[in-house]
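The values are calculated or read from the model by the stated rules, or taken from the named source; none is laboratory data. The shown structure was predicted, so the numbers you read here are calculated from the model rather than taken from an experiment. With ideal geometry, Cβ positions are generated from the backbone for all residues, glycine too; neighbour counts draw on all protein chains shown. Quick note on the areas: whole protein, heavy atoms, side chains included, nothing else; ligands and nucleic acids left out. Shrake-Rupley method; radii C 1.70, N 1.55, O 1.52, S 1.80 Å.
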Amino acid sequence: MTPIALTRPIPDSLASCELTHLERVPIDVSRARQQHAEYERILASLGCEVVRVPAAHELPDSVFIEDTAIVFDELAVITRPGAAARRSETAAVASTVGAFRQLQFLAEPATLDGGDVLRLGRTLYVGVGSRTNAAGVQQLRDLVSCRGYEVRSVAVDGCLHLKSAISEVAPGIVVLNPEWVDGRMFADHEIVQVDPSEPAAANVLRIGDVTVCAAAYPRTNARLAAAATVRTVDVSELAKAEGALTCCSLIFNRGARLP
């Protein structure tokens, strides 16, 4: 079954993005668009059908579509992003995802960014930090536990999202920055640690048997190549906006929209 890769174009206002852990530096929006186009080409080459949500040039972070929804085979959960300025991003995403899944919505006082949700099998690890709160974790748990998912909260410190610190490389294998997340939470997985000189290298995007990695982290990528087939892409301009590989897409099976 062809997986769907939902993406959203780079907005004209990207340089005005939210920043939490990085200093603001100039962003070349034209180059960012070239990098994003190459990212989409890689998704398509790996068998995904790329579906684009309409651009929102007035929303600087709208390219980081992962934060707006969590899509399961059974339903999709539309989030309530932790940054208030990002909450209007969800409407267009919900409209598009609604063609594929029944929708559920998080509500105040919950905040939750999709980048804080790491799915490993039927377990959802949810980072609690600057963008996701305990109410967001509980509302997500209430929506999915009846469908056989276990939700575990994880403290996040030193980085924007949980998936800045850990992501899935292959079944049973994760890549992790031990300075940003406690690896003991994932003791049932093989752990590949990032090279100490590349602290931001723990965000990778697994599509089938291939792991897409940022080209900026060759030392960590060499470690990952022992565990998976690695494809690299330059996302250096997006990284200036605290973006990474998983941020720029929502990957899910096409499936049938359940009544």
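If you go through the range 99-114, how many residues are over 18 Å from residue 8 (Cβ atoms) and either free of Cβ contacts under 8 Å to residues at least 60 places away in the same chain or of a type in the set (Lys, Arg) (or both)? Even if it seems obvious, please write down each step before you answer.
Start the filter on the range 99-114 by keeping residues that are over 18 Å from residue 8 (Cβ atoms), which leaves 102, 104-112.
From the residues that got through so far, the ones that are either free of Cβ contacts under 8 Å to residues at least 60 places away in the same chain or of a type in the set (Lys, Arg) (or both) too are 104-112.
Final tally of qualifying residues: 9.
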The range 200-236, subset open to solvent by 10 Å² or more (accessible area, probe 1.4 Å) and in a helix (DSSP H, G or I), residue nearest to residue 24 (Cα to Cα): 236
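Within the range 57-84, how many residues are of a type in the set (Ser, Thr, Tyr) and over 14 Å from the mean Cα position of the chain (by Cα)? Step through it out loud before you land on a result.
First, pick out the residues of the range 57-84 that are of a type in the set (Ser, Thr, Tyr): 62, 68, 79.
Now restrict to residues that are over 14 Å from the mean Cα position of the chain (by Cα): none.
Looking only at that region, the number is 0.
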Which condition from (1) assigned to a helix (DSSP H, G or I); (2) basic (Lys, Arg); (3) crowded, with 21+ Cβ neighbours inside 10 Å is the one that residue 131 breaks? (1)
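Suppose we keep only residues that are assigned to a loop (DSSP other than H, G, I, E, B) and of a type in the set (D, E, K, R) within the range 71-93. Which one would you say is surrounded by the most Cβ atoms within 10 Å (Cβ to Cβ)?
Selected residue: 74.
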Can you find, within the range 99-128, the residue that is nearest to the chain's Cα centre (by Cα) among those that are part of a strand (DSSP E or B) and of a type in the set (Ser, Thr, Tyr)? 125
Single condition residue 177 does not satisfy, out of (1) open to solvent by less than 20 Å² (accessible area, probe 1.4 Å); (2) out of contact with any Pro (no Cβ under 6 Å at 6 or more places or on another chain): (2)
Filtered residues of the range 1-49 (kept if modelled with pLDDT under 95 and within 27 Å of residue 207 (Cα to Cα)): 1, 2
Between 36, 21, which is within 24 Å of residue 233 (Cα to Cα) and in a helix (DSSP H, G or I)? 36
The condition of being of a type in the set (Lys, Arg) and within 27 Å of residue 62 (Cβ to Cβ) holds, among 147, 141, 119, 152, only for 119
Name the one entry in 137, 154 that is buried (at least 19 other Cβ atoms within 10 Å of the Cβ) and within 18 Å of residue 103 (Cα to Cα). 137
Which one of these is among the hydroxyl-bearing types (Ser, Thr, Tyr), buried (at least 21 other Cβ atoms within 10 Å of the Cβ) and either without any contact (Cβ under 8 Å) to a residue 40 or more places away in the chain or touching a Leu at 6+ places or on another chain (Cβ under 9 Å) (or both): 96, 68? 68
